[in-house]
1. Give 62, 47 a once-over and let me know the one that is in the same structural domain as residue 130 (by TED's automatic domain parsing), over 23 Å from residue 140 (Cα atoms), within 13 Å of the chain's Cα centre (by Cα) and part of a helix (DSSP H, G or I).
2. Of these, 5, 11, which one is surrounded by 15 or more Cβ atoms within 10 Å (Cβ to Cβ), touching a helix residue (DSSP H, G or I) at 6+ places or on another chain (Cβ under 9 Å) and either in a helix (DSSP H, G or I) or without any contact (Cβ under 8 Å) to a residue 24 or more places away in the chain (or both)?
3. Quick one: would you say residue 32 is out of contact with any strand residue (DSSP E or B) (no Cβ under 9 Å at 6 or more places or on another chain) and under 27 Å from residue 164 (Cβ atoms)?
4. Regarding residue 153, is this residue surrounded by 14 or more Cβ atoms within 10 Å (Cβ to Cβ) and over 30 Å from residue 35 (Cβ atoms)?
5. So if I check each of 158, 170, 111, which one is surrounded by 14 or more Cβ atoms within 10 Å (Cβ to Cβ) and either modelled with pLDDT of 75 or more or in the same structural domain as residue 49 (by TED's automatic domain parsing) (or both)?
6. Which pairs turn up if I take residues in the range 140-152 that are in the same structural domain as residue 169 (by TED's automatic domain parsing) and look for partners that are assigned to a helix (DSSP H, G or I) with beta carbon separation below 7 Å, at least 6 apart in sequence or on another chain?
7. Where the second residue is part of a helix (DSSP H, G or I) and at pLDDT below 75 and the first is farther than 12 Å from residue 30 by Cβ and lies in the range 113-127, which pairs have Cβ atoms under 7 Å and are six or more apart or on separate chains?
8. Does residue 16 satisfy being within 21 Å of residue 117 (Cα to Cα), at pLDDT 80 or above and over 13 Å from the mean Cα position of the chain (by Cα)?
């Protein structure tokens, strides 16, 4: 029962105190679930981030569900998912009840301008952390650099090209090279 409460409370804190959606929450999820609690490894965090990116639903909820499931099965997944969703739901519900023109208030509008910058920094921090811990292989780095350059060009020149298409192209290139080269040998070798 303690693990369920811990899952709920940890993800409730992340859901309550992180602005900017799932990408901004990734750094907090990694800090809490990998660094402090040790519930998942860094590699699992990277994998779940990639999988959560390509599956339906918000990325933070998918990460919370995976972590909860890994620690305590279905009930753990439910506790973690509720933990990350309930605080945001309550805050938005209260705002909708008491403040009709919430974003028209000058102080709130200015606060959200500052929050936008902080969210960008949180997302950048999560990306830098993942890049630093990425395997030191040339192919993944080359694909990452090419993808970043492509996204920059798409944004700068306002080309009508989906980021999902770019992800699919990068995945297809990686898979093609993997199939052409064959699976890498595991350390220690398998007994034959």
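The values are calculated or read from the model by the stated rules, or taken from the named source; none is laboratory data. Worth saying up front: this structure is predicted, and the values here are computed from it rather than measured. FYI the Cβ positions are ideal-geometry reconstructions off the backbone, even for glycines, and counts take in every protein chain you see.
1. 62
2. Answer to the check: 11.
3. no
4. No; evaluated as a whole, the condition is false for this residue.
5. 170
6. Note: pairs meeting the criteria are 143/170; 143/173; 143/174; 147/166; 147/170; 150/166; 151/163; 151/166.
7. 119/24; 123/23; 123/24
8. yes
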